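Since the structure comes first, as structure tokens, the remarks are kept for the end.
Just so you know, all these numbers are worked out from the coordinates, no wet-lab data involved. This is a predicted model, so every value here is computed, not measured. Glycine gets a Cβ as well: all are built from the backbone with ideal geometry, and neighbour counts include every protein chain shown.
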């Protein structure tokens, strides 16, 4: 299961990076913000996104012991979204010892 999750989150990480980079090359978010902000579904998507960031950050806050890492991951989650989420999960997956599984992934705090 852990190997599957490593592969899955690696694929998602690469795909989201590709989508964000190609979109940035085609369109500037800051010049189109007035238009995008006027779309109700865009506002709903942003609220949904930040609610999701909060849920993920509660887990990150529990997992990380050092305040600097807690702050760093909050900044990355808010600014990079799914890229940071996938990166965090991948870091946690690759930190697991060979005999550890999902219980340790979700419950074990980082030292």
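Okay, here's what the table says:
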item	result
Sorted peptide list for 56-65, 100-109, 28-37, 82-91, criterion being average Cβ within 10 angstrom, highest first	82-91, 56-65, 100-109, 28-37
Cβ-Cβ FRET estimate between residue 108 and residue 17, R0 fixed at 30 Å, reported to 0.05	0.65
With Cα atoms, 0 to 90° folded angle of helix 82-95 axis to the chain main axis	10 degrees
Taking N as its residue count, the alpha carbon Rg of the chain over 2.2 N^0.38 Å	1.23
Helix-derived mean residue ellipticity, 222 nm - over the chain, DSSP H n ≥ 4, -39500 (n - 2.57), to 500	-27500 deg cm²/dmol
